[in-house]
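Report on the structure given below.
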Amino acid sequence: MSSIVDTPRSWRPPVRESLQAAARGVGLAALSIGASLALFIVTVLSVVFVVLGVGAFTTPAVLNTVRAHANRRRLLASEWAGIAIPSPYRPLPEQRPGAVGLVERTSQLLKDPATWRDILWLLVDAVAGFVTALLSFAVLVYGVEGVIMMFGLWEAVNNGYWYAFIPIKGYGSAVQAALLGLALIAASFYVNRYPLQAHFMIARLLIGPTRGAQLEQRVERLYETRHDAVDSSAAELRRIERDLHDGAQARLVAMGMSLGTVEALIERDPAKAKEILAQARSSSAEALTELRDLVRGIHPPVLAERGLGDAAKALALRMQIPVEVDVELTGRFQEPVESAAYFAISEVLTNAAKHSGADRIWLDIHHSRDAGGMLRIAVTDNGRGGADLEKGTGMKGIERRLGALDGVLALSSPEGGPTMVTIEIPCEQTEPR
Amino acid sequence: MRVVLAEDLFLLRDGLVRMLEAYEFEIAAAVDNGPELTRALEELQPDVAVVDVRLPPSFSDEGLQCALEARRKRPGLPVLVLSQHVEQLYARELLADGNGGVGYLLKDRVFEAEQFIDGVRRVASGGTAMDPQVIQQLVSRRAQDKPMANLTSREKEVMELMAQGRSNAAIAQQLFITERAVAKHTSNIFGKLRLPPSDDDNRRVLAVLAYLDQG
């Protein structure tokens with residue numbers, strides 16, 4: 001959900017902030033009246049000409065420009081006012097080459113309600129957007145004008161000019177105008193960022209996703225993650241079946257055969273029988289080891305017994321590189337969350353140990369209550385960096401598994417390090433047992 | 001010697017009872033869940049407890065928790081913990097008080113009756129019995145650490161067996177060397193791990209602890 005986030009305001013002098021807002025306002029106003037209006041006219045013409053056929057060839061390019069223009073505003077909204085405006089557009093399939101592709105693309109674009117809202121926004125932006133953007137600048141300039149009145153300008157406009165509600169008739173009223181101007185300037189220091197915020201709120205109203213579009217995007221995402229979840233669980237079952245078949249099952253068969261041989265040999269050749277019995281016993285030990293590894297791969301015992309925090313600590317103890325673990329959890333999580341988080345940590349730690357060249361790893365796990373509860377995991381190493389999510393298949397699998405829980409994985413790994421992997425899973429903590 | 005046994009699988013519990021009785025242990029109680037284990041440990045004051053990590057009703061690490069709790073109430077109470085899998089984390093928790101009289105073994109070790117019984121006896125007399133799997137993990141990890149790098153391969157072998165809780169005689173027998181040679185190796189190891197010489201019987205436990213705490 002988008003929300004208004006207060007811009008990170010250190011105690012910057014309000015004067016600087018106000019001047020900055022005014023300057024930004026001018027820029028935005030120019031964008032609104034210039035780019036938005038021009039794009040509105042071009043777009044409307046292009047869409048109208050679709051009926052004549054010509055428009056089908058120009059519309060995709062024009063609408064792409066409109067989207068770029070809107071995206072620029074989305075970016076500015078988050079950078080300047082801390083207002084998040086998510087993109088509402090439907091995902092577009094690959095475009096087919098040639099005229100057919102262009103026509104198809106035009107129809108896809110025109111079917112997206114977001115396109116029509118964009119066009120409406122262009123018009124609103126050219127009017128209301130322009131006014132709100134200019135406001136912060138205008139108030140400041142108008143204030144300055146009032147002050148200038150006092151310094152001579154009043155002579156020029158004597159008797160024929162109203163400054164706000166003050167008719168300038170002589171020096172006395174010019175001083176009044178200057179005072180009002182000063183008041184306006186002073187006020188602008190404190191309120192100058194509000195017109196900008198209003199500007200971006202208007203933009204959010206029109207180029208942010210509607211409730212319908214949000215639901216549509218959510219359905220799209222659920223559809224994808226459900227597929228991933230089904231795929232990966234099927235692959236997991238196949239792996240388990242294969243491991244059982246090739247491993248424990250084969251060893252138990254071998255044991256049965258050995259025991260059969262022993263039965264036949266036990267009286268004729270006790271020494272040989274004893275030897276085979278020893279083999280059978282080592283088979284049983286190996287079968288147990290394999291079953292144990294298999295169980296660890298499905299649902300690690302420590303995780304079942306102690307939960308995520310201690311399981312992560314146990315994992316850290318098994319790593320070849322020292323891992324500093326910091327866990328801040330008061331309860332446990334639902335099994336799928338714990339399991340996905342555990343395997344994600346395991347994969348990330350293994351990767352760090354194998355590829356990063358690090359000699360130290362830090363693992364942080366905590367749960368915060370904000371935004372309905374969020375499990376946050378950070379793995380940092382002091383290695384050489386340059387890791388890439390696209391390179392390994394393991395990370396992709398982890399991403400898919402997290403995706404099924406609405407979790408995300410982010411990687412920051414500049415060349416030269418350090419590498420930091422963050423995992424976030426929205427979830428509630430259950431009561432400690 | 002009186003034993004309290006806690007294991008929820010009937011077959012294994014029955015087998016353990018038979019085996020322990022065959023080696024002339026007295027079974028004070030054989031229970032199948034956490035609360036009963038706690039009660040038995042408090043009321044019967046056994047010489048040693050043999051406990052499964054995972055017990056009803058929670059089927060988490062209830063057995064381990066009961067054992068640790070009982071050791072807090074009666075320090076030094078010998079406890080041998082059995083588990084389907086072994087974790088260094090649990091080994092650390094068991095060894096944490098430095099009192100000795102603890103063991104942590106895979107359930108499969110029961111198959112080797114002699115060795116298992118030897119482990120129970122060692123724990124009962126205040127020694128340790130650590131599963132080779134735990135120790136191997138440690139050795140392979142510590143192999144990169146500096147104090148370990150200084151150990152010769154023979155000393156590493158001795159360290160491994162010592163960390164499991166074996167006596168010098170047992171180590172000598174297993175490695176086909178004399179007891180004197182083992183004694184020489186162990187004193188070298190204590191030196192290299194910077195453990196000051198003392199007469200304390202628990203120095204071997206301390207060696208394992210130092211080993212666990214390094215890094």
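The values are calculated or read from the model by the stated rules, or taken from the named source; none is laboratory data. Please read all numbers here as calculations on a predicted model, not as lab measurements. Cβ sites come from the backbone with ideal geometry, for glycine too, and all protein chains shown count toward neighbours. What goes into the accessible areas is simple: the full protein's heavy atoms, side chains included, and nothing from ligands, DNA or RNA. Shrake-Rupley method; radii C 1.70, N 1.55, O 1.52, S 1.80 Å.
Please determine, by comparing only the residues of the range A:300-310 that are hydrophobic (A, V, I, L, M, F, W, C) and over 28 Å from the mean Cα position of the chain (by Cα), which one is nearest to the other protein chains (Cβ to nearest Cβ).
That would be A:Val302.
Name the residues in the range A:326-366 that are touching a Phe, Trp or Tyr at 6+ places or on another chain (Cβ under 8 Å) and farther than 16 Å from A:Leu405 by Cβ, would you?
Scanning the range A:326-366 gives a single hit, A:Asp326.
Here are some conditions: (1) crowded, with 19+ Cβ neighbours inside 10 Å; (2) within 14 Å of chain B (Cβ to nearest Cβ). A:Glu335 meets all but one. Which one does it not meet?
(1)
Considering each of A:Tyr190, A:Tyr171, A:Tyr161 in turn, give the residue that is on the phi < 0 side of the Ramachandran plot, of a type in the set (Ser, Thr, Tyr), more than 53 Å from the chain's Cα centre (by Cα) and surrounded by fewer than 16 Cβ atoms within 10 Å (Cβ to Cβ).
Checking each option against the conditions leaves just A:Tyr171.
So which of B:Arg74, B:Arg2 is touching a Phe, Trp or Tyr at 6+ places or on another chain (Cβ under 8 Å) and among the basic types (Lys, Arg)?
B:Arg2
Could you check the range B:1-16 and list, in sequence order, the residues that are open to solvent by 30 Å² or more (accessible area, probe 1.4 Å) and either of a type in the set (S, T, N, Q) or part of a strand (DSSP E or B) (or both)?
Selection gives B:Arg2 alone.
Identify, from the list A:Ala314, A:Ala340, the residue that is within 10 Å of chain B (Cβ to nearest Cβ) and aliphatic (A, V, I, L, M).
Checking each option against the conditions leaves just A:Ala314.
Taking A:Leu291, is it open to solvent by 50 Å² or more (accessible area, probe 1.4 Å) and either under 30 Å from A:Gln249 (Cβ atoms) or at the interface with chain B (Cβ under 10 Å from one of its Cβ atoms) (or both)? Full working, then the answer.
Numbers: open to solvent by 50 Å² or more (accessible area, probe 1.4 Å): yes; either under 30 Å from A:Gln249 (Cβ atoms) or at the interface with chain B (Cβ under 10 Å from one of its Cβ atoms) (or both): yes.
Taking the combined requirement at face value, the residue satisfies it.
Among A:Glu324, A:Glu347, A:Glu390, which is more than 13 Å from chain B (Cβ to nearest Cβ) and over 25 Å from B:Gln84 (Cα atoms)?
So the residue among A:Glu324, A:Glu347, A:Glu390 that is more than 13 Å from chain B (Cβ to nearest Cβ) and over 25 Å from B:Gln84 (Cα atoms) is A:Glu390.
For the range A:215-246, how many residues are more than 23 Å from A:Arg400 (Cβ to Cβ) and surrounded by 13 or more Cβ atoms within 10 Å (Cβ to Cβ)?
1
Which residue out of A:Gly383, A:Gly373, A:Gly394 is open to solvent by less than 30 Å² (accessible area, probe 1.4 Å), touching a Cys at 6+ places or on another chain (Cβ under 8 Å) and at pLDDT below 90?
Criteria check complete, one pass: A:Gly373.
Any residue at all in the range A:311-330 that is touching a strand residue (DSSP E or B) at 6+ places or on another chain (Cβ under 9 Å), over 24 Å from B:Gln136 (Cβ atoms) and among the basic types (Lys, Arg)?
no
Hey, could you check the range A:271-287 for residues that are open to solvent by 80 Å² or more (accessible area, probe 1.4 Å) and over 27 Å from B:His85 (Cα atoms) and say which is farthest from the other protein chains (Cβ to nearest Cβ)?
A:Lys272
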